[in-house]
Ligand SMILES: Nc1ncnc2c1ncn2[C@@H]1O[C@H](COP(=O)(O)OP(=O)(O)OP(=O)(O)O)[C@@H](O)[C@H]1O
Ligand SMILES: [Mg+2]
(Lines give C-alpha, C1' and ligand atoms only; values in the text may rest on other atoms or scores of the structure.)
(Ligands and ions follow the chains in the order given, each with its own letter.)
Protein backbone atom coordinates (compact mmCIF):
# COMPACT_ATOMS: atom_id res chain seq x y z
CA UNK A 1 0.00 0.00 0.00
CA UNK A 2 1.03 3.61 -0.56
CA UNK A 3 3.01 5.45 2.09
CA UNK A 4 0.83 7.90 3.95
CA UNK A 5 3.62 9.25 6.12
CA UNK A 6 7.10 9.73 4.82
CA UNK A 7 10.05 11.40 6.56
CA UNK A 8 13.39 11.90 4.87
CA UNK A 9 16.48 12.91 6.85
CA UNK A 10 14.63 15.12 9.29
CA UNK A 11 16.68 17.14 11.78
CA UNK A 12 15.32 19.34 14.49
CA UNK A 13 16.77 21.67 17.12
CA UNK A 14 15.01 23.84 19.67
CA UNK A 15 16.45 27.28 20.18
CA UNK A 16 17.99 26.31 23.48
CA UNK A 17 18.44 22.61 22.79
CA UNK A 18 20.26 21.54 19.63
CA UNK A 19 19.96 18.20 17.86
CA UNK A 20 16.78 16.98 19.49
CA UNK A 21 16.14 14.88 16.38
CA UNK A 22 18.88 13.74 14.04
CA UNK A 23 18.50 12.26 10.58
CA UNK A 24 15.10 10.69 11.10
CA UNK A 25 13.72 8.81 8.10
CA UNK A 26 10.83 6.39 8.00
CA UNK A 27 7.70 5.59 6.06
CA UNK A 28 4.35 4.37 7.26
CA UNK A 29 1.91 2.75 4.90
CA UNK A 30 -1.84 3.25 5.11
CA UNK A 31 -3.89 1.46 7.76
CA UNK A 32 -0.87 0.50 9.87
CA UNK A 33 -0.28 1.35 13.50
CA UNK A 34 3.26 2.19 14.46
CA UNK A 35 4.54 2.51 18.01
CA UNK A 36 7.16 5.13 18.79
CA UNK A 37 9.04 4.14 21.92
CA UNK A 38 11.99 5.55 23.76
CA UNK A 39 12.96 6.98 27.14
CA UNK A 40 11.84 10.36 28.52
CA UNK A 41 13.29 13.16 26.50
CA UNK A 42 14.03 10.95 23.50
CA UNK A 43 12.18 13.28 21.16
CA UNK A 44 8.85 11.50 20.62
CA UNK A 45 6.64 14.50 21.30
CA UNK A 46 8.93 16.69 19.21
CA UNK A 47 8.61 14.25 16.32
CA UNK A 48 4.83 14.42 16.55
CA UNK A 49 4.80 18.21 16.65
CA UNK A 50 6.81 18.16 13.43
CA UNK A 51 4.40 15.72 11.83
CA UNK A 52 1.38 17.90 12.41
CA UNK A 53 3.07 21.13 11.40
CA UNK A 54 3.41 22.83 14.79
CA UNK A 55 7.18 22.77 14.48
CA UNK A 56 9.27 23.09 11.35
CA UNK A 57 12.17 20.72 10.68
CA UNK A 58 15.59 22.35 10.62
CA UNK A 59 16.41 20.06 7.72
CA UNK A 60 14.74 17.27 5.80
CA UNK A 61 11.29 16.74 4.47
CA UNK A 62 8.01 15.47 5.89
CA UNK A 63 5.20 14.37 3.62
CA UNK A 64 1.70 13.29 4.55
CA UNK A 65 -0.32 11.56 1.83
CA UNK A 66 2.36 12.63 -0.62
CA UNK A 67 2.15 16.31 0.25
CA UNK A 68 4.44 18.47 2.34
CA UNK A 69 3.12 19.25 5.79
CA UNK A 70 1.75 22.76 6.02
CA UNK A 71 3.75 24.51 8.72
CA UNK A 72 1.52 26.34 11.21
CA UNK A 73 -1.46 25.53 9.03
CA UNK A 74 -4.44 23.25 9.09
CA UNK A 75 -3.61 19.69 8.05
CA UNK A 76 -6.98 17.96 8.20
CA UNK A 77 -5.41 14.59 7.35
CA UNK A 78 -3.57 14.52 10.69
CA UNK A 79 -5.19 14.40 14.10
CA UNK A 80 -2.95 14.91 17.09
CA UNK A 81 -3.93 14.00 20.63
CA UNK A 82 -1.76 16.02 22.99
CA UNK A 83 0.21 14.53 25.83
CA UNK A 84 -1.56 16.95 28.19
CA UNK A 85 -5.31 17.22 27.50
CA UNK A 86 -5.44 20.66 29.13
CA UNK A 87 -3.48 21.96 26.15
CA UNK A 88 -6.14 20.69 23.86
CA UNK A 89 -9.54 21.26 25.42
CA UNK A 90 -10.58 24.87 25.29
CA UNK A 91 -14.32 24.98 24.82
CA UNK A 92 -16.76 25.58 27.68
CA UNK A 93 -18.49 22.24 27.33
CA UNK A 94 -17.44 18.83 26.13
CA UNK A 95 -19.90 18.95 23.27
CA UNK A 96 -18.59 22.34 22.12
CA UNK A 97 -15.10 20.96 22.14
CA UNK A 98 -15.97 17.94 20.07
CA UNK A 99 -17.89 20.20 17.68
CA UNK A 100 -15.06 22.69 17.27
CA UNK A 101 -13.11 20.87 14.53
CA UNK A 102 -16.11 19.81 12.41
CA UNK A 103 -17.56 23.34 12.55
CA UNK A 104 -14.29 24.80 11.31
CA UNK A 105 -14.27 22.29 8.50
CA UNK A 106 -17.43 23.93 7.19
CA UNK A 107 -19.48 20.76 7.18
CA UNK A 108 -23.26 20.82 7.08
CA UNK A 109 -25.05 21.02 10.40
CA UNK A 110 -26.38 17.53 9.85
CA UNK A 111 -22.92 16.13 9.22
CA UNK A 112 -21.54 18.00 12.23
CA UNK A 113 -24.18 16.55 14.52
CA UNK A 114 -23.61 13.08 13.15
CA UNK A 115 -19.88 13.32 13.75
CA UNK A 116 -20.28 14.62 17.27
CA UNK A 117 -22.63 11.75 18.10
CA UNK A 118 -20.29 9.20 16.60
CA UNK A 119 -17.17 10.53 18.29
CA UNK A 120 -18.89 10.78 21.67
CA UNK A 121 -20.18 7.25 21.29
CA UNK A 122 -16.98 5.50 20.34
CA UNK A 123 -15.02 7.30 23.04
CA UNK A 124 -17.70 6.62 25.63
CA UNK A 125 -18.11 10.31 26.46
CA UNK A 126 -21.80 10.56 25.74
CA UNK A 127 -22.74 11.20 29.35
CA UNK A 128 -20.17 13.98 29.60
CA UNK A 129 -21.48 15.99 26.65
CA UNK A 130 -22.96 18.87 28.63
CA UNK A 131 -20.25 19.00 31.29
CA UNK A 132 -17.69 21.80 31.37
CA UNK A 133 -14.38 20.32 30.24
CA UNK A 134 -12.44 21.96 33.08
CA UNK A 135 -14.38 20.02 35.69
CA UNK A 136 -13.53 16.58 34.36
CA UNK A 137 -11.12 14.08 35.83
CA UNK A 138 -7.77 13.45 34.13
CA UNK A 139 -9.00 10.25 32.50
CA UNK A 140 -12.24 11.83 31.33
CA UNK A 141 -10.34 14.73 29.82
CA UNK A 142 -8.18 12.27 27.92
CA UNK A 143 -11.20 10.52 26.42
CA UNK A 144 -12.77 13.85 25.44
CA UNK A 145 -9.51 14.91 23.80
CA UNK A 146 -9.59 11.71 21.77
CA UNK A 147 -13.23 12.26 20.84
CA UNK A 148 -12.55 15.82 19.72
CA UNK A 149 -9.86 14.64 17.33
CA UNK A 150 -11.79 11.63 16.02
CA UNK A 151 -14.76 13.88 15.21
CA UNK A 152 -12.65 15.42 12.46
CA UNK A 153 -12.15 11.95 10.95
CA UNK A 154 -8.47 12.38 10.14
CA UNK A 155 -6.75 9.71 8.06
CA UNK A 156 -3.84 9.64 10.48
CA UNK A 157 -4.20 9.79 14.24
CA UNK A 158 -1.24 10.53 16.49
CA UNK A 159 -1.58 9.44 20.11
CA UNK A 160 0.96 10.93 22.52
CA UNK A 161 0.93 8.81 25.67
CA UNK A 162 -2.76 8.05 25.45
CA UNK A 163 -2.86 5.72 28.44
CA UNK A 164 -1.22 8.06 30.96
CA UNK A 165 -3.67 8.61 33.85
CA UNK A 166 -6.15 6.06 32.56
CA UNK A 167 -7.56 3.25 34.67
CA UNK A 168 -7.64 -0.31 33.38
CA UNK A 169 -11.08 -0.04 31.85
CA UNK A 170 -10.39 3.23 30.08
CA UNK A 171 -7.06 1.85 28.88
CA UNK A 172 -8.83 -1.15 27.46
CA UNK A 173 -11.28 1.18 25.74
CA UNK A 174 -8.43 3.05 24.06
CA UNK A 175 -6.87 -0.23 22.94
CA UNK A 176 -10.13 -1.40 21.39
CA UNK A 177 -10.65 1.98 19.82
CA UNK A 178 -7.25 2.04 18.16
CA UNK A 179 -7.70 -1.53 16.96
CA UNK A 180 -11.17 -0.99 15.57
CA UNK A 181 -10.53 2.31 13.79
CA UNK A 182 -9.05 1.39 10.45
CA UNK A 183 -6.75 4.36 10.35
CA UNK A 184 -3.07 4.96 10.26
CA UNK A 185 -1.96 5.46 13.83
CA UNK A 186 1.22 6.63 15.45
CA UNK A 187 1.38 5.85 19.14
CA UNK A 188 3.95 6.98 21.67
CA UNK A 189 3.77 5.32 25.05
CA UNK A 190 5.81 4.02 27.95
CA UNK A 191 3.22 1.27 28.37
CA UNK A 192 4.95 -1.51 26.42
CA UNK A 193 2.08 -3.99 26.67
CA UNK A 194 -0.18 -1.34 25.23
CA UNK A 195 2.17 -0.79 22.28
CA UNK A 196 2.44 -4.51 21.76
CA UNK A 197 -1.34 -4.86 21.59
CA UNK A 198 -2.04 -1.92 19.33
CA UNK A 199 0.91 -1.69 16.96
CA UNK A 200 2.22 -3.97 14.25
CA UNK A 201 5.48 -2.11 13.98
CA UNK A 202 7.66 -0.11 16.36
CA UNK A 203 10.39 2.45 16.03
CA UNK A 204 12.79 2.95 18.92
CA UNK A 205 14.09 6.49 19.34
CA UNK A 206 16.90 7.29 21.73
CA UNK A 207 18.56 10.68 22.08
CA UNK A 208 16.94 11.87 18.88
CA UNK A 209 18.06 8.98 16.69
CA UNK A 210 16.26 5.94 15.40
CA UNK A 211 18.07 2.98 16.92
CA UNK A 212 15.80 0.18 15.75
CA UNK A 213 12.67 -0.46 13.76
CA UNK A 214 10.70 -3.45 12.70
CA UNK A 215 7.95 -5.85 13.69
CA UNK A 216 6.75 -4.99 17.20
CA UNK A 217 7.09 -8.37 18.89
CA UNK A 218 10.45 -9.01 17.30
CA UNK A 219 12.02 -5.73 18.35
CA UNK A 220 10.51 -5.62 21.79
CA UNK A 221 11.68 -9.13 22.63
CA UNK A 222 15.33 -8.10 22.18
CA UNK A 223 16.46 -7.61 25.77
CA UNK A 224 19.79 -6.00 25.02
CA UNK A 225 18.39 -3.58 22.49
CA UNK A 226 15.52 -2.60 24.77
CA UNK A 227 17.69 -2.08 27.82
CA UNK A 228 20.26 -0.08 25.91
CA UNK A 229 17.43 2.25 24.97
CA UNK A 230 16.24 2.60 28.54
CA UNK A 231 13.24 0.32 27.96
CA UNK A 232 12.03 -2.96 29.36
CA UNK A 233 10.90 -6.10 27.59
CA UNK A 234 7.13 -6.41 28.22
CA UNK A 235 6.10 -9.26 30.52
CA UNK A 236 4.15 -11.07 27.87
CA UNK A 237 7.31 -11.44 25.78
CA UNK A 238 9.57 -12.70 28.53
CA UNK A 239 10.40 -16.34 28.05
CA UNK B 1 -10.20 27.31 46.72
CA UNK B 2 -12.30 26.45 43.74
CA UNK B 3 -13.91 29.36 42.02
CA UNK B 4 -17.43 28.56 41.07
CA UNK B 5 -18.58 30.68 38.24
CA UNK B 6 -21.82 28.89 37.53
CA UNK B 7 -22.70 27.98 41.06
CA UNK B 8 -26.36 29.01 40.93
CA UNK B 9 -26.80 29.16 37.19
CA UNK B 10 -28.86 26.02 37.02
CA UNK B 11 -31.58 26.78 39.55
CA UNK B 12 -35.17 26.92 38.44
CA UNK B 13 -36.80 30.35 38.41
CA UNK B 14 -38.59 32.66 36.00
CA UNK B 15 -35.33 34.54 35.53
CA UNK B 16 -33.30 31.39 34.93
CA UNK B 17 -35.70 30.17 32.30
CA UNK B 18 -35.64 33.48 30.47
CA UNK B 19 -33.95 33.37 27.07
CA UNK B 20 -30.48 34.83 27.81
CA UNK B 21 -30.62 37.14 24.80
CA UNK B 22 -33.78 38.79 26.10
CA UNK B 23 -32.47 38.73 29.62
CA UNK B 24 -29.28 40.55 28.71
CA UNK B 25 -31.03 43.19 26.63
CA UNK B 26 -33.88 43.84 29.07
CA UNK B 27 -31.84 43.87 32.24
CA UNK B 28 -29.08 46.00 30.70
CA UNK B 29 -31.73 48.49 29.65
CA UNK B 30 -33.12 48.41 33.17
CA UNK B 31 -29.66 49.11 34.55
CA UNK B 32 -29.36 52.09 32.24
CA UNK B 33 -32.74 53.39 33.31
CA UNK B 34 -31.67 53.06 36.95
CA UNK B 35 -28.55 55.03 36.29
CA UNK B 36 -30.55 57.92 34.84
CA UNK B 37 -32.83 58.45 37.84
CA UNK B 38 -32.16 61.67 39.68
CA UNK B 39 -35.15 62.03 42.01
CA UNK B 40 -35.20 60.94 45.60
CA UNK B 41 -38.84 60.02 45.20
CA UNK B 42 -37.92 57.36 42.69
CA UNK B 43 -35.38 55.69 44.95
CA UNK B 44 -37.81 53.45 46.82
CA UNK B 45 -39.25 52.44 43.48
CA UNK B 46 -35.96 51.32 41.91
CA UNK B 47 -34.91 49.68 45.13
CA UNK B 48 -38.11 47.66 45.27
CA UNK B 49 -37.77 46.74 41.61
CA UNK B 50 -34.27 45.41 42.09
CA UNK B 51 -35.36 43.40 45.12
CA UNK B 52 -38.27 41.96 43.18
CA UNK B 53 -35.88 40.89 40.41
CA UNK B 54 -33.61 39.33 42.99
CA UNK B 55 -36.43 37.47 44.71
CA UNK B 56 -37.78 36.23 41.40
CA UNK B 57 -34.38 34.78 40.56
CA UNK B 58 -34.38 32.61 43.72
CA UNK B 59 -30.66 33.20 44.13
CA UNK B 60 -29.64 32.72 47.76
CA UNK B 61 -29.93 36.18 49.30
CA UNK B 62 -26.97 35.63 51.57
CA UNK B 63 -24.74 34.90 48.62
CA UNK B 64 -25.67 38.14 46.88
CA UNK B 65 -25.45 40.21 50.05
CA UNK B 66 -22.00 38.84 50.72
CA UNK B 67 -20.87 40.07 47.37
CA UNK B 68 -22.45 43.46 48.01
CA UNK B 69 -20.72 43.74 51.36
CA UNK B 70 -17.36 44.60 49.87
CA UNK B 71 -18.85 47.27 47.72
CA UNK B 72 -20.63 48.68 50.75
CA UNK B 73 -17.30 48.98 52.57
CA UNK B 74 -15.94 50.80 49.61
CA UNK B 75 -18.84 53.26 49.63
CA UNK B 76 -18.65 54.34 53.26
CA UNK B 77 -15.77 56.80 52.78
CA UNK B 78 -17.50 58.24 49.76
CA UNK B 79 -20.72 58.89 51.69
CA UNK B 80 -18.82 60.56 54.51
CA UNK B 81 -16.85 62.71 52.12
CA UNK B 82 -19.85 63.74 50.07
CA UNK B 83 -22.15 64.64 52.94
CA UNK B 84 -19.56 66.63 54.88
CA UNK B 85 -18.07 68.62 52.03
CA UNK B 86 -20.73 69.08 49.40
CA UNK B 87 -22.22 72.58 49.79
CA UNK B 88 -25.78 73.75 50.27
CA UNK B 89 -27.77 73.97 53.46
CA UNK B 90 -26.24 72.61 56.63
CA UNK B 91 -28.66 69.99 57.89
CA UNK B 92 -27.04 69.48 61.28
CA UNK B 93 -23.57 69.33 62.79
CA UNK B 94 -21.75 66.46 64.39
CA UNK B 95 -19.44 68.22 66.84
CA UNK B 96 -17.71 70.59 64.41
CA UNK B 97 -18.35 68.70 61.25
CA UNK B 98 -21.22 70.04 59.19
CA UNK B 99 -23.51 67.63 57.40
CA UNK B 100 -24.93 69.14 54.25
CA UNK B 101 -28.40 68.38 52.98
CA UNK B 102 -27.31 68.37 49.37
CA UNK B 103 -24.39 66.06 50.01
CA UNK B 104 -26.56 63.70 51.95
CA UNK B 105 -29.18 63.50 49.20
CA UNK B 106 -26.49 62.97 46.65
CA UNK B 107 -24.91 60.12 48.57
CA UNK B 108 -28.28 58.55 49.18
CA UNK B 109 -28.95 58.68 45.47
CA UNK B 110 -25.58 57.18 44.61
CA UNK B 111 -25.79 54.43 47.21
CA UNK B 112 -29.29 53.23 46.38
CA UNK B 113 -28.70 53.46 42.67
CA UNK B 114 -25.44 51.53 42.89
CA UNK B 115 -26.96 48.74 44.92
CA UNK B 116 -30.00 48.46 42.69
CA UNK B 117 -27.78 48.33 39.62
CA UNK B 118 -25.45 45.77 41.12
CA UNK B 119 -28.26 43.54 42.27
CA UNK B 120 -29.76 43.46 38.79
CA UNK B 121 -26.32 42.96 37.30
CA UNK B 122 -25.55 40.00 39.55
CA UNK B 123 -28.92 38.48 38.78
CA UNK B 124 -28.22 38.86 35.07
CA UNK B 125 -24.85 37.12 35.33
CA UNK B 126 -25.64 34.50 37.90
CA UNK B 127 -28.78 33.09 36.37
CA UNK B 128 -27.22 31.88 33.10
CA UNK B 129 -24.25 29.54 32.75
CA UNK B 130 -21.43 31.78 31.64
CA UNK B 131 -20.87 29.98 28.37
CA UNK B 132 -24.55 30.55 27.47
CA UNK B 133 -24.11 34.22 28.27
CA UNK B 134 -21.19 34.37 25.87
CA UNK B 135 -23.17 32.68 23.14
CA UNK B 136 -26.08 35.02 23.79
CA UNK B 137 -23.77 38.02 23.47
CA UNK B 138 -22.65 36.63 20.16
CA UNK B 139 -26.27 36.12 19.11
CA UNK B 140 -27.11 39.75 19.89
CA UNK B 141 -24.24 40.81 17.65
CA UNK B 142 -21.53 41.68 20.10
CA UNK B 143 -18.24 42.04 18.14
CA UNK B 144 -16.46 38.75 17.39
CA UNK B 145 -13.18 39.77 18.95
CA UNK B 146 -14.80 40.66 22.24
CA UNK B 147 -16.73 37.41 22.34
CA UNK B 148 -13.55 35.41 21.62
CA UNK B 149 -11.70 37.18 24.39
CA UNK B 150 -14.48 36.52 26.88
CA UNK B 151 -14.65 32.93 25.75
CA UNK B 152 -10.97 32.24 26.34
CA UNK B 153 -10.87 34.16 29.57
CA UNK B 154 -13.68 32.03 30.82
CA UNK B 155 -12.04 28.79 29.83
CA UNK B 156 -8.53 29.51 30.97
CA UNK B 157 -9.22 31.29 34.19
CA UNK B 158 -9.87 27.83 35.59
CA UNK B 159 -6.63 26.42 34.27
CA UNK B 160 -4.58 29.17 35.88
CA UNK B 161 -6.44 29.19 39.15
CA UNK B 162 -6.00 25.45 39.29
CA UNK B 163 -2.31 25.89 38.51
CA UNK B 164 -2.01 28.46 41.26
CA UNK B 165 -3.85 26.21 43.67
CA UNK B 166 -1.52 23.31 42.91
CA UNK B 167 1.56 25.46 43.39
CA UNK B 168 0.27 26.65 46.73
CA UNK B 169 -0.43 23.12 47.86
CA UNK B 170 3.06 22.10 46.77
CA UNK B 171 4.47 24.95 48.82
CA UNK B 172 2.42 24.10 51.86
CA UNK B 173 3.39 20.46 51.70
CA UNK B 174 6.98 21.50 51.91
CA UNK B 175 6.36 23.53 55.01
CA UNK B 176 5.99 26.98 53.54
CA UNK B 177 4.08 29.71 55.37
CA UNK B 178 3.40 33.21 54.12
CA UNK B 179 5.12 35.88 56.19
CA UNK B 180 6.43 39.39 55.74
CA UNK B 181 10.03 38.60 55.00
CA UNK B 182 12.47 38.29 52.15
CA UNK B 183 11.97 34.57 51.70
CA UNK B 184 8.21 35.02 51.35
CA UNK B 185 8.53 37.87 48.94
CA UNK B 186 10.93 35.89 46.83
CA UNK B 187 8.71 32.83 46.83
CA UNK B 188 5.62 34.77 45.87
CA UNK B 189 7.52 36.59 43.17
CA UNK B 190 8.66 33.25 41.84
CA UNK B 191 5.10 31.94 41.79
CA UNK B 192 3.84 34.91 39.82
CA UNK B 193 6.72 34.63 37.39
CA UNK B 194 6.28 30.94 36.75
CA UNK B 195 2.52 31.34 36.46
CA UNK B 196 3.05 33.97 33.78
CA UNK B 197 5.59 31.85 31.95
CA UNK B 198 3.44 28.77 32.14
CA UNK B 199 0.41 30.68 30.91
CA UNK B 200 2.38 32.04 28.04
CA UNK B 201 3.69 28.66 26.96
CA UNK B 202 0.35 27.05 27.43
CA UNK B 203 -1.28 29.76 25.38
CA UNK B 204 1.07 28.83 22.54
CA UNK B 205 0.18 25.18 22.79
CA UNK B 206 -3.51 25.98 22.86
CA UNK B 207 -3.06 28.11 19.79
CA UNK B 208 -1.45 25.13 18.06
CA UNK B 209 -4.24 22.84 19.18
CA UNK B 210 -6.77 25.21 17.69
CA UNK B 211 -4.90 25.58 14.41
CA UNK B 212 -4.75 21.79 14.15
CA UNK B 213 -8.49 21.77 14.33
CA UNK B 214 -9.00 24.34 11.64
CA UNK B 215 -9.22 27.58 13.59
CA UNK B 216 -8.25 30.56 11.45
CA UNK B 217 -9.04 33.41 13.77
CA UNK B 218 -12.79 33.61 13.50
CA UNK B 219 -14.96 31.92 16.03
CA UNK B 220 -17.90 30.05 14.69
CA UNK B 221 -20.41 29.85 17.46
CA UNK B 222 -23.52 27.89 16.87
CA UNK B 223 -25.96 28.57 19.57
CA UNK B 224 -29.44 27.31 19.81
CA UNK B 225 -31.77 29.94 21.16
CA UNK B 226 -35.48 29.80 20.72
CA UNK B 227 -37.66 32.39 22.33
CA UNK B 228 -41.15 31.52 23.53
CA UNK B 229 -44.07 33.78 24.48
CA UNK B 230 -42.98 33.91 28.13
CA UNK B 231 -39.72 35.53 27.08
CA UNK B 232 -41.62 38.31 25.37
CA UNK B 233 -43.93 38.78 28.34
CA UNK B 234 -40.98 39.15 30.69
CA UNK B 235 -39.33 41.59 28.37
CA UNK B 236 -42.56 43.55 28.10
CA UNK B 237 -42.81 43.76 31.89
CA UNK B 238 -39.29 45.14 32.18
CA UNK B 239 -39.89 47.56 29.33
CA UNK B 240 -42.93 48.88 31.18
CA UNK B 241 -40.87 49.54 34.29
CA UNK B 242 -38.23 51.32 32.23
CA UNK B 243 -40.81 53.50 30.54
CA UNK B 244 -42.36 54.49 33.85
CA UNK B 245 -38.94 55.29 35.26
CA UNK B 246 -37.82 57.40 32.33
CA UNK B 247 -41.16 59.13 32.02
CA UNK B 248 -41.14 60.18 35.67
CA UNK B 249 -37.52 61.24 35.47
CA UNK B 250 -38.17 63.48 32.51
CA UNK B 251 -41.45 64.98 33.68
CA UNK B 252 -40.30 65.94 37.17
N1 LIG C 1 9.97 23.82 23.97
C2 LIG C 1 11.18 23.26 24.17
N3 LIG C 1 12.27 24.03 24.22
C4 LIG C 1 13.49 23.49 24.42
N5 LIG C 1 13.72 22.18 24.58
C6 LIG C 1 12.67 21.34 24.56
C7 LIG C 1 11.34 21.85 24.36
N8 LIG C 1 10.50 20.79 24.39
C9 LIG C 1 11.26 19.71 24.60
N10 LIG C 1 12.56 20.02 24.69
C11 LIG C 1 13.68 19.08 24.87
O12 LIG C 1 13.74 18.24 23.76
C13 LIG C 1 14.01 16.91 24.15
C14 LIG C 1 12.93 15.98 23.60
O15 LIG C 1 11.71 16.28 24.23
P16 LIG C 1 10.36 15.52 23.90
O17 LIG C 1 9.27 16.22 24.63
O18 LIG C 1 10.22 15.40 22.44
O19 LIG C 1 10.63 14.10 24.56
P20 LIG C 1 9.65 12.85 24.69
O21 LIG C 1 10.31 11.72 24.01
O22 LIG C 1 8.29 13.19 24.26
O23 LIG C 1 9.71 12.59 26.25
P24 LIG C 1 8.56 12.03 27.25
O25 LIG C 1 8.58 10.56 27.14
O26 LIG C 1 9.05 12.47 28.57
O27 LIG C 1 7.28 12.65 26.86
C28 LIG C 1 14.10 16.90 25.66
O29 LIG C 1 15.45 16.87 26.01
C30 LIG C 1 13.48 18.21 26.08
O31 LIG C 1 14.16 18.72 27.20
MG1 LIG D 1 6.47 13.35 25.18
Check your understanding: On the given criteria, is residue B:123 modelled with pLDDT of 85 or more and part of a helix (DSSP H, G or I)?
Key -> yes
Exercise for review: Considering only region A:1-14, state which residues are within 15 Å of ligand 2 (Cβ to nearest atom) and either within 14 Å of chain B (Cβ to nearest Cβ) or not in a strand (DSSP E or B) (or both).
Suggested key: A:14
Review point. What is the residue count in region A:34-44 for residues that are assigned to a loop (DSSP other than H, G, I, E, B) and either surrounded by fewer than 21 Cβ atoms within 10 Å (Cβ to Cβ) or more than 10 Å from ligand 2 (Cβ to nearest atom) (or both)?
Key: 3
Practice item. Identify, from the list A:79, A:101, A:31, A:73, the residue that is away from ligand 1 (no atom under 15 Å from the Cβ), assigned to a loop (DSSP other than H, G, I, E, B) and within 10 Å of another protein chain (Cβ to nearest Cβ). Key: A:73
Revision key, fill the gap. Residues of region A:145-161 being outside any strand (DSSP E or B), within 16 Å of ligand 2 (Cβ to nearest atom) and farther than 10 Å from residue A:85 by Cβ, in sequence order, are A:161
Exercise for review: Test each condition in (1) out of contact with any strand residue (DSSP E or B) (no Cβ under 8 Å at 6 or more places or on another chain); (2) within 11 Å of another protein chain (Cβ to nearest Cβ) for residue A:126 and report the one that comes out false.
Suggested key: (2)
Study note, to complete from the structure: Reported set for region A:147-162 where residues are more than 16 Å from ligand 1 (Cβ to nearest atom) and either modelled with pLDDT of 95 or more or within 13 Å of chain B (Cβ to nearest Cβ) (or both) is A:147, A:148, A:149, A:150, A:151, A:152, A:153, A:154, A:156, A:157
Practice item. Test residue B:236 against the criterion of being over 30 Å from residue A:155 (Cα atoms), assigned to a helix (DSSP H, G or I), within 14 Å of another protein chain (Cβ to nearest Cβ) and without any contact (Cβ under 8 Å) to a residue 12 or more places away in the chain, and give yes or no. Key: no
Point to revise | Pair list, Cβ under 6 Å, 6 or more apart: region B:187-216 residue farther than 16 Å from residue A:98 by Cα, other residue assigned to a loop (DSSP other than H, G, I, E, B) | key: B:208/A:54
Study note, to complete from the structure: From the option list A:47, A:55, single residue qualifying as within 16 Å of ligand 1 (Cβ to nearest atom), within 24 Å of residue A:28 (Cβ to Cβ) and crowded, with 22+ Cβ neighbours inside 10 Å is A:47
Exercise for review: Could you tell me which residue of region A:15-28 is nearest to ligand 1 (Cβ to nearest atom), considering only residues that are without any contact (Cβ under 8 Å) to a residue 24 or more places away in the chain and in a strand (DSSP E or B)?
Suggested key: A:17
Check your understanding: For residue A:87, which of the numbered conditions (1) over 14 Å from the mean Cα position of the chain (by Cα); (2) more than 29 Å from residue B:157 (Cα to Cα); (3) within 12 Å of chain B (Cβ to nearest Cβ); (4) within 14 Å of ligand 2 (Cβ to nearest atom) fails to hold?
Key -> (2)
Practice item. Select from region B:79-99 the residues that are in a helix (DSSP H, G or I) and either loosely packed, with under 14 Cβ neighbours inside 10 Å or in contact with a strand residue (DSSP E or B) (Cβ under 7 Å, 6 or more places away or on another chain) (or both) and list them in ascending order. Key: B:81, B:83, B:84, B:85
Check your understanding: Does residue A:55 count as at pLDDT below 90 and either away from ligand 2 (no atom under 16 Å from the Cβ) or more than 28 Å from residue A:234 (Cβ to Cβ) (or both)?
Key -> no
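The rows are residues; the columns are (1) more than 16 Å from ligand 1 (Cβ to nearest atom); (2) part of a strand (DSSP E or B); (3) within 14 Å of chain B (Cβ to nearest Cβ); (4) on the phi < 0 side of the Ramachandran plot.
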residue: A:143; (1), (2), (3), (4): yes, no, no, yes
residue: A:175; (1), (2), (3), (4): yes, no, no, yes
residue: A:190; (1), (2), (3), (4): no, no, no, yes
residue: A:194; (1), (2), (3), (4): no, no, no, yes
residue: A:204; (1), (2), (3), (4): no, yes, no, yes
residue: A:211; (1), (2), (3), (4): no, yes, no, yes
residue: A:225; (1), (2), (3), (4): yes, no, no, yes
residue: A:230; (1), (2), (3), (4): no, no, no, no
residue: A:236; (1), (2), (3), (4): yes, no, no, yes
Check your understanding: Of the residues that sit in region A:58-70 and are more than 20 Å from residue A:187 (Cα to Cα) and in a loop (DSSP other than H, G, I, E, B), which one is nearest to the other protein chains (Cβ to nearest Cβ)?
Key -> A:70
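The values are calculated or read from the model by the stated rules, or taken from the named source; none is laboratory data. These figures come from a predicted structure and were not determined experimentally. Because the Cβ atoms are built from the backbone with ideal geometry, glycine has one as well, and the counts that use them run over all protein chains shown.
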